[in-house]
Amino acid sequence: MKKLITLMALAVAFCSACKKDKSETASGDNSWTLAGTTYKTAITYKTTTSGGTATILYNFWDATPSATVKVNSLALSFVEAPSASGTYQLVATGQAKTARQFEISAGTTAPLYYAYIGTSVDVQVTVSSGKIKVTLPEVSLKCTTSSPDAKLTGTVQEM
């Protein structure tokens, strides 16, 4: 649970501290549904985390985050950036990952924070021109507070 809270704190830090140099709009099906609410991706940000084991973090936001603007977010954490399309595995947060596995966490403006802690699930990842598209089946995310867990599904793509 301590690792889960640390990961969520890292995701929140990225949500509040990072911004993209240019504004981009989402195209096609680029959204996720969390707890019955659908969020449309407005901006994406890819970064490499530091400390411990470095990971590639893909952030999907429904608006441009800043120190004063809180947004709804989805974060995918890979050991290395996917370089080929195929089946990857969504694994529980805090579990050691291989090159074809990733973790997922989400946050809302409420603020509520969620993470996947279930068994491994196969997920389709498409790589085109170096950008990823991830089709998420319905999975249950654990809320890090006393709020209820939530269902997540969607298709998100890096812009």
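All of the numbers you see were taken from the coordinates with simple rules; none came from a lab. No experiment lies behind these values; they were computed from the predicted model shown.
What pairs in LYS40/LYS97; LYS70/LYS131; LYS46/LYS97 have C-alpha atoms more than 23 Å from each other? Don't skip to the end; give the middle numbers.
Values: LYS40/LYS97 28 Å; LYS70/LYS131 25 Å; LYS46/LYS97 18 Å.
Too far apart for the 23 Å limit: LYS40/LYS97; LYS70/LYS131.
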Point to revise | Span from the the stretch 48-68 Cα centroid across to the the stretch 123-137 one, whole angstrom | key: 18 Å
Exercise for review: Determine ³J(HN,Hα), in whole Hz, for all residues of the stretch 146-156 in sequence, where each value follows from phi through the Karplus function 6.51 cos²θ - 1.76 cosθ + 1.60 and θ = phi - 60°; x replaces Gly and Pro.
Suggested key: 7, 5, x, 5, 9, 7, 10, 7, x, 10, 10
Revision key, fill the gap. A correct Karplus calculation of ³J(HN,Hα) over the stretch 83-92, with 6.51 cos²θ - 1.76 cosθ + 1.60, θ = phi - 60°, whole Hz and x for Gly and Pro, returns 10, 9, 5, x, 8, 10, 10, 7, 10, 5
